[in-house]
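Read through the structure below, which is laid out as structure tokens, and then see the notes.
The values are calculated or read from the model by the stated rules, or taken from the named source; none is laboratory data. Note that the coordinates shown come from a computational prediction; the quantities given were computed from them, not determined experimentally. In this analysis, Cβ positions are derived from the backbone assuming ideal geometry, glycine residues included, and neighbour counts consider all displayed protein chains. Protein only, heavy atoms only, side chains kept; ligands, DNA and RNA dropped before computing areas. Shrake-Rupley method; radii C 1.70, N 1.55, O 1.52, S 1.80 Å.
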Amino acid sequence: MGYAPAFRRARSVRLVAVADPNRDRCRVVAPDTPGFDSTGALIAGSDAQAIVVATPVERHVEIAAEVAEAGLTALVEKPPASSAEQATRLLELEPSPSIAFNRRFDGALRELRERVPPSGPVELELVFDRRGTWGSYSGDDPLLLDTGPHALDLVRWLTGASVARLRAHESRHGASIELELGEGRGGARIEIRTNRPYREVAEVRSNGSLVGRHAVGGVLQGVLARLGRAAESPLVPSLTRQLDAFAASVRGEARHDVGTAADGVAVMIAVDAARASASGAGEWQAIRAPA
């Protein structure tokens, strides 16, 4: 789990408790940290000031509401909910939860974003390869719900644009999403494949010229992982930065790219549209504006 080492590295947060109905998982994730069997028990039995919600997706909204009822702020893992309709409930909570779009805190992706022209059309390509999915221990949509929110948020965040419409195709081991962006920002293409060694690529072009490219993973890292020699999760640095930024937002400081509930709703509207397109014949789906 990437959060355990991220908490150890973070400068402004401290892990004071964990909760899971299966207490064995608490001991595996944080053996020296008090464990509880529910969110309510954790809130009542610890001095937690904020909660990271990294449960199976079907419980995200329920737990975020419980956290808000206790007067605490939640950092909800993506996807924020199973659908856009469920995600809109997050907009009603106070304190408003944050959404854990941790790719925003990847150093190389932040540098790439700085190079993206602030206006005019761009062409963005994102590739997400891995063996299997990031899914939790309960079953999730292995493609559009699991990896789709990562990719769709990156499209919006890197370009600063909304998604006007999209179409998607899904197969046994992959999915592709083609997007047209609003505000005259051009288009994007997302490829998700779950039968290849871990690799992530982000490439931006403007007027046919390469603006910037970021790539991580590949065959060598995949071989080392299979041999048990790979380093810790490549997500740990971005998770660490995200935790520190989240802590700053809880203290009332600037959000520094921490995802909002509104960001989560916008992404889930796009996910729902991609599902609708993929379940049909790949027709274009217009993206409605969040209510």
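Per-structure values
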quantity: DSSP loop GluC sites (Glu not before Pro) with at most 16 other Cβ within 10 Å: longest gap in the chain; calculated: 1-182
quantity: Among Leu15, Leu181, Leu109, residue whose mean-square fluctuation peaks in a GNM of the chain (springs only between Cα atoms under 10 Å); calculated: Leu15
quantity: P(r) weight above 18 Å for the stretch 150-289, C-alpha pairs, percent; calculated: 66
quantity: Expected 222 nm ellipticity per residue - DSSP helices of 4 or more, -39500 (n - 2.57), all of the chain, to 500; calculated: -10000 deg cm²/dmol
quantity: Pair-distance profile P(r), taking every C-alpha pair of the chain, with 5 angstrom steps and integer %; calculated: 1, 5, 12, 16, 19, 18, 14, 9, 5, 2, 0, 0
quantity: Nearest-ten-degree value, helix 236-250 long axis tilted from longest Cα axis of the chain; calculated: 70
quantity: Per-residue HN-Hα couplings for the stretch 157-167 [Karplus 6.51, -1.76, 1.60; θ = phi - 60°; Hz; x = Gly/Pro]; calculated: 6, 5, 9, x, 10, 7, 9, 7, 7, 8, 9
quantity: Nearest-20 debye value, the chain charge dipole, Cβ charges on Lys, Arg, Asp, Glu; calculated: 980
quantity: Solvent exposure of the chain as accessible area per residue, Å², 1.4 Å probe; calculated: 47
quantity: Karplus-derived 3J(HN,Hα), 6.51/-1.76/1.60, for each residue of the stretch 272-287, Hz, glycine and proline x; calculated: 4, 5, 5, 4, 4, 5, 5, 6, x, 10, x, 5, 5, 10, 6, 9
quantity: Sum of side-chain charges, Ala286 neighbourhood, beta-carbon under 10 Å (Lys, Arg +1; Asp, Glu -1); calculated: +1
quantity: Residue with peak Gaussian network fluctuation, the chain [Cα springs, cutoff 10 Å], from Arg165, Arg251, Arg189; calculated: Arg251
quantity: Computed magnitude of the charge dipole of the stretch 14-77 (debye, nearest 20; Cβ of K, R +1, Cβ of D, E -1); calculated: 180
quantity: Candidates Arg172, Arg241, Arg103, ranked by Gaussian network fluctuation over the chain, Cα under 10 Å, top entry; calculated: Arg172
quantity: Label-zone membership for the stretch 1-22, site Gln49, 7 angstrom Cα→C-beta point, backbone N under 16 Å; calculated: 10-17
quantity: Computed FRET value (nearest 0.05) for Arg8 with Ala289, which takes r as the C-beta separation and R₀ as 30 Å; calculated: 0.15
quantity: Convex hull volume per residue for the stretch 41-116, taking Cα atoms only, in Å³; calculated: 115
quantity: Interchain or long-range residues, amide H under 5 Å from Ala164's placed H; calculated: Glu180, Leu181, Gly182
quantity: Carbon and sulfur %, accessible surface of the chain computed with the full protein complex present, 1.4 Å; calculated: 49
quantity: Using a Förster distance of 35 Å, the FRET efficiency for Asp24-Val201 (Cβ separation, nearest 0.05); calculated: 0.40
